[in-house]
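> Please read through the structure below; I'll follow up with questions.
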Amino acid sequence: MTDEFTTTVYYDEDAEESYIEDKTVAVLGYGSQGHAHAQNLDDSGVDVIVGLREGSSSRPEAEADGLEVATPDVATEQADTVVMLIPDTVQPAVYEAIKDGLDEGDTLQFAHGFNIHYGQIEPPEHVDVTMVAPKSPGHLVRRTYKRGEGTPGLLAVYQDATGQAHEEGLAYAEAIGCTRAGVIETTFREETETDLFGEQAVLCGGVTEMVKAGFETLVDAGYAPEMAYFECLNELKLIVDLMYEGGHMEMWNSVSDTAEYGGLTRGEDVIDREGMEEILEGVQSGEFAREWISENQANRPAYRQYRGAEQNHQIEEVGERLRELFEWGEQE
Ligand code: NAD
Ligand code: MG
Ligand code: MG
Ligand code: MG
Ligand code: MG
């Protein structure tokens, strides 16, 4: 355990495998996270049943990987710990089908807090409710585990019926490899709200809107779309790679002094901090969650419209042509 961070970080020596090694774990879903958790648990000696619908296209895959497969309700009946690794939007419906199999002292575990935090799933008081969330896509959770390494993860306890929810969550995190890299203590609220804010304001929404706005500004002023694509989209990867490796200073040190001075003095002009605060308020108040839930109930009319507009944006057509020119670059 280290406290040099502002939050607590756990490692292998903090986890006690006895809290998970005798348990049967039902992993519901065999997608990005599901296949990685199930195989890592299995390799760590934990009994695993993969829960999938009859006729699910993931079934042959899980069976080929040597895992036992049952329907989600049967897997839950047999398990002590049930992990929801299906898409967040389908979890509430699947929960209805499995909830009767949750016995006193069982654990219901998540990899994202949305459905618990916004009340879409309301588990009975007699079960532990936890979250073990690798901060990484599933294929890296699997690949790093096989190398004897791991990906960092989050641990949160929402409901502790047994008094052992924290220990079991940590043991699970160890069994999938996360304590090798470090597991950060958080809460369902913090994980859910920071995740939604990050993807809306910065990672997915903020970045794409900034790229499009930059591209349009140049094209509208008469510059070649190809030039605008390179400057505003293609080069973004080089910049982000530097930030990822060594923070902002590594990036500033690597670009020219002209780029550094121009960026430091002008960058702030494109940021709308009040807009960011409004996004955070919409997440905190549950307004975004309510909108997304009713959007799904209505079969996603707005989602489809936004997606269509994104597909038809000029930057997509220019990019498709230009990316063909440097396909050779991918083969290194
Ligand atoms: P995914 O989209 O890869 O999951 C697909 C799986 O769910 C498949 O096995 C599919 O058969 C099953 N599935 C789909 N619809 C179903 C239904 N109606 N009934 C039963 N099974 C169904 O999911 P994922 O990306 O692995 O996400 C799982 C959870 O992990 C989510 O809560 C997500 O927020 C969280 N998470 C994901 C990542 C990531 O990188 N993908 C990272 C951290 C946390
Ligand atoms: Mg240990
Ligand atoms: Mg059970
Ligand atoms: Mg997210
Ligand atoms: Mg340049």
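> Considering only DSSP states other than H, G, I, E and B, which GluC sites (Glu not before Pro) in segment 74-116 qualify as loop sites with at most 13 other Cβ atoms within 10 Å?
Within segment 74-116, the qualifying GluC sites (Glu not before Pro) (loop, at most 13 other Cβ atoms within 10 Å) are GLU104.
> Among the DSSP beta bridges whose two residues both lie in the chain, what percent are antiparallel, rounded to the nearest 5?
The antiparallel fraction comes to roughly 30 percent.
> In segment 9-186, what % of DSSP beta bridges are antiparallel (nearest 5)?
Expressed as a percentage, antiparallel bridges in segment 9-186 total about 25.
> Could you tell me what % of all Cα pairs in segment 195-331 have separations over 18 Å?
Distances greater than 18 Å cover 68 percent of the Cα pairs.
> Using unit Cβ charges (K, R positive; D, E negative) and no other charged atoms, how large, in debye to the nearest 20, is the dipole of segment 255-332 about its Cα centre?
Computed about the Cα centre, the dipole is about 440 debye.
> Treating the angle as unsigned and between 0 and 90°, give the value, to the nearest 10°, between the Cα long axis of helix 32-43 and the longest Cα principal axis of the chain.
Roughly 40 degrees between the two axes.
> Three principal axis extents, largest first, for the C-alpha atoms of the chain, in Å?
66, 46, 42
> Starting with the fewest neighbours, write out GLU316, GLU167 ranked by other beta-carbon atoms found within 10 Å of each beta-carbon.
GLU316, GLU167
> Relative contact order for the chain: what is it in percent, counting Cα pairs under 8 Å that are at least 6 residues apart?
14 percent
> Answer with one residue from ALA133, LEU41, ASN234: the one whose Cα lies farthest towards the positive end of the charge dipole of the chain, charges on Cβ with Lys, Arg +1 and Asp, Glu -1.
Of the listed residues, the answer is ASN234.
> For the chain, what is the charge dipole size about the Cα centre, in debye to the nearest 20, if Lys and Arg each add +1 at the Cβ and Asp and Glu each add -1 at the Cβ?
Taking the Cα centre of the chain as origin, the dipole is about 960 debye.
> To continue, here is another question. On the principal axes of its Cα set, how long, how wide and how thick is segment 1-132? Give whole Å, largest value first.
Its Cα atoms span 49, 34, 27 Å along the three principal axes.
> Further question on the same structure: Is it possible to state the helix-based mean residue ellipticity at 222 nm for the chain, with each DSSP H run of 4+ residues giving -39500 (n - 2.57), the sum divided by total residues, to the nearest 500 deg cm²/dmol? What is it?
Rounded to the nearest 500, the figure is -15000 deg cm²/dmol.
> Report the charge-dipole magnitude of segment 9-186 in Debye, nearest 20, computed about the Cα centre from +1 at each Lys and Arg Cβ and -1 at each Asp and Glu Cβ.
For this selection, approximately 1000 debye.
> Within 10 Å of each candidate Cβ there may be at most 13 other Cβ atoms; applying that plus a DSSP loop requirement, which chymotrypsin sites (Phe, Trp or Tyr not before Pro) in segment 1-79 survive?
PHE5
> I'd like the orientation of helix 257-266 relative to the chain: the angle between its Cα long axis and the longest Cα principal axis, in ° from 0 to 90, rounded to 10.
80 degrees
> Right, next: Taking only Cα atoms, what is the 0 to 90° angle, nearest 10, from helix 188-197's long axis to the longest principal axis of the chain?
20 degrees
> Going by how many other beta carbons lie within 10 Å of each one, how would you line up PHE197, PHE215, PHE110, fewest first?
Lowest count first: PHE197, PHE215, PHE110.
Read-outs: derived from the displayed coordinates by stated rules, not from any lab. Computed from a predicted model, the values in this text were never measured in an experiment. Using ideal geometry, Cβ is built from the backbone for each residue, glycine included, and neighbour counts are taken over all protein chains shown.
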